[in-house]
Amino acid sequence: MKYISILGSTGSIGRQTLDVVSKNEDIKVVALSADRSVELMKKQIEEFEPELVCMYDEESAKELRNLVDTSKTEILSGMEGLIEVAVHPTADMVVASVVGMIGIRPVIEAIKAGKDIAFANKETLVTAGHIIMPLIRKHQVLLLPVDSEHSAVFQCLNGERHSTVDKILLTASGGPFRTLSKEELYHVTPEDALKHPNWDMGNKITIDSSTMVNKGLEVIEARWLFDVSYERIEVLVQPQSIIHSMVQFEDGGVMAQLGTPDMRLPISYALFFPERRNFGGDRLDFGALSDIRFEKPDREKFPALDMAYSAGRTGGSMPTVFNAANEVAVGLFLERKIGYMDIVRLIDKSMESHEVIKAPSLTEILEVEAEIRAKIMEEYK
């Protein structure tokens with residue numbers, strides 16, 4: 001029996017993780033966390049009977065305590081509650097699927113507690129990769145990627161010698177605005193940006209996919225996960241989302257991982273690695289697949305990709321600036337306080353004015369995040 005905790009169980013990855021769990025009798029959920037989704041968490045408690053739940057929002061925790069049997073499920077709140085979920089003594093693995101930098105401290109504490117990590121919180125590696133990866137090695141735990149692209153690379157590398165890798169090829173769908181002109185992007189609404197052509201994801205990651213910020217974050221994540229230079233990470237647009245990523249080796253051979261756009265595949269692969277399980281997903285019909293297309297990303301129309309490369313190469317606290325400015329800008333866009341093209345403008349402005357800290361501590365990372373957030377919010381209060 002495998003025991004898991006899930007950070008972010010009411011989000012897209014969390015819900016799909018629980019769907020995979022529901023189809024397997026040899027895996028048990030012992031702890032869950034969410035922010036404010038009280039009714040959905042109540043249903044998850046009733047179905048999966050976790051010992052511990054954290055609602056990050058204190059008022060939501062109070063509401064939940066009135067709806068469930070607290071003699072069977074303890075309800076906590078806040079950051080300390082998230083950490084308790086992450087270090088639950090029974091858990092063998094933590095599924096890190098919270099959105100944003102809120103996941104850094106719980107992930108660090110989970111690693112220190114000897115938990116394997118099924119990793120879907122890219123912001124943690126983007127901003128604190130220099131802290132996370134040494135901890136992974138020190139505590140000898142597994143960091144198993146759940147993002148479809150990084151899972152694809154991980155699968156392609158399984159059994160291969162890392163020294164023979166020539167290039168990592170991260171694929172991107174191109175999002176909903178791949179064929180729009182730059183001028184048309186100025187008129188994009190939140191409703192437009194939330195209509196992803198292939199994937200069913202949460203609001204923030206869907207917006208990030210449309211601006212290609214998400215791909216930029218994944219480039220930085222790949223640098224840490226696979227210990228390769230930015231010069232050896234290439235982004236390609238693959239509009240059908242059939243090829244999830246590829247690895248080119250020094251002999252010129254290329255290995256690719258293909259499948260339908262279903263996040264339950266990489267989730268299942270991480271949960272049961274090195275075993276593969278049938279989770280009931282659709283299969284590719286190659287007879288009906290007329291072609292698989294590739295395009296180079298339009299870097300003029302989607303400048304966030306180059307900004308991410310720049311942030312990653314600069315290193316230190318700059319990736320935190322890139323990520324934090326984007327988090328705040330996406331929130332403002334969804335609230336209709338800024339336009340779509342202002343997201344990238346605010347990222348660029350924040351990066352230009354930042355004085356880099358070369359090897360920031362966790363405290364400094366969180367301080368930079370708070371500083372960027374405060375500056376942008378002050379402008380749009």
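Of the DSSP beta bridges with both residues in the chain, give the percent that are antiparallel, rounding to the nearest 5.
Just about 25 percent of them are antiparallel.
Kindly provide the helix-only [θ] at 222 nm of the chain, computed as the sum of -39,500 (n - 2.57) over DSSP H runs of four or more divided by all residues, to the nearest 500 deg cm²/dmol?
Value at 222 nm, helices only: -13500 deg cm²/dmol.
Specify the residue with the greatest mean-square fluctuation among Ile292, Ile357, Ile243, computed from a Gaussian network of the chain linking alpha-carbon atoms under 10 Å apart.
Ile292
From the phi of every residue in the stretch 116-128, what ³J(HN,Hα) in whole Hz does the Karplus formula 6.51 cos²θ - 1.76 cosθ + 1.60 yield, where θ is phi - 60° and glycine or proline is x?
5, 10, 8, 9, 9, 10, 4, 4, 5, 6, 4, 8, 9
Just add up the charged neighbours of Lys122: K/R +1, D/E -1, any other residue whose Cβ is under 9 Å from the Cβ of Lys122.
So the environment of Lys122 carries a net charge of -4.
Test of understanding: in a Gaussian network model of the chain with alpha carbons linked when under 10 Å, which of Ser12, Ser163, Ser60 would top the mean-square fluctuation ranking?
Ser163
Label point 7 Å out from Glu371 along Cα-to-Cβ: which residues of the stretch 326-358 have amide N under 19 Å?
So the set is 326-329, 346-358.
Quick one: which residues, 5+ away or cross-chain, put their amide H under 5 Å from the amide H of Leu76? H built at 1.01 Å from N.
Residues meeting the amide H criterion: Val53, Cys54, Met55.
Could you calculate the FRET efficiency of Glu183 with Asp348 from 1/(1 + (r/R0)^6), where r is the beta carbon distance between them and R0 is 25 Å, rounded to 0.05?
After rounding, the FRET efficiency stands at 0.85.
Sort out the exposed loop chymotrypsin sites (Phe, Trp or Tyr not before Pro) in the chain (DSSP loop, at most 16 other Cβ within 10 Å) and tell me the longest stretch that has none.
Longest run free of exposed loop sites: 1-185.
Is any residue of the stretch 57-79 close enough, with backbone N under 19 Å, to a label point placed 7 angstrom from the Cα of Ala113 along the Cα-Cβ axis, and if so, which?
Answer for this model: 57, 72-79.
In whole Hz and in residue order, list the ³J(HN,Hα) couplings for the stretch 144-159 that follow from phi through the Karplus curve 6.51 cos²θ - 1.76 cosθ + 1.60, θ = phi - 60°; x for Gly and Pro.
My calculation for the stretch 144-159 gives 9, x, 9, 3, 4, 5, 6, 4, 4, 4, 4, 5, 5, 7, 4, x Hz in order.
Can you tally the net charge around Glu275? Count Lys and Arg as +1, Asp and Glu as -1, for every other residue whose Cβ sits under 13 Å from the Cβ of Glu275.
+2
Put +1 on the Cβ of every Lys and Arg and -1 on every Asp and Glu Cβ in the chain; which of Val247, Leu18, Gly202 then has its Cα farthest towards the positive end of the dipole?
Positive-end residue among those listed: Val247.
Computed from the coordinates by the stated procedures, all read-outs in this text should not be read as laboratory data. This one's a predicted model, so the numbers in the text were calculated from it and none came from an experiment. Note that we place each Cβ from the backbone using ideal geometry, even for glycine, and neighbour counts take in every protein chain shown.
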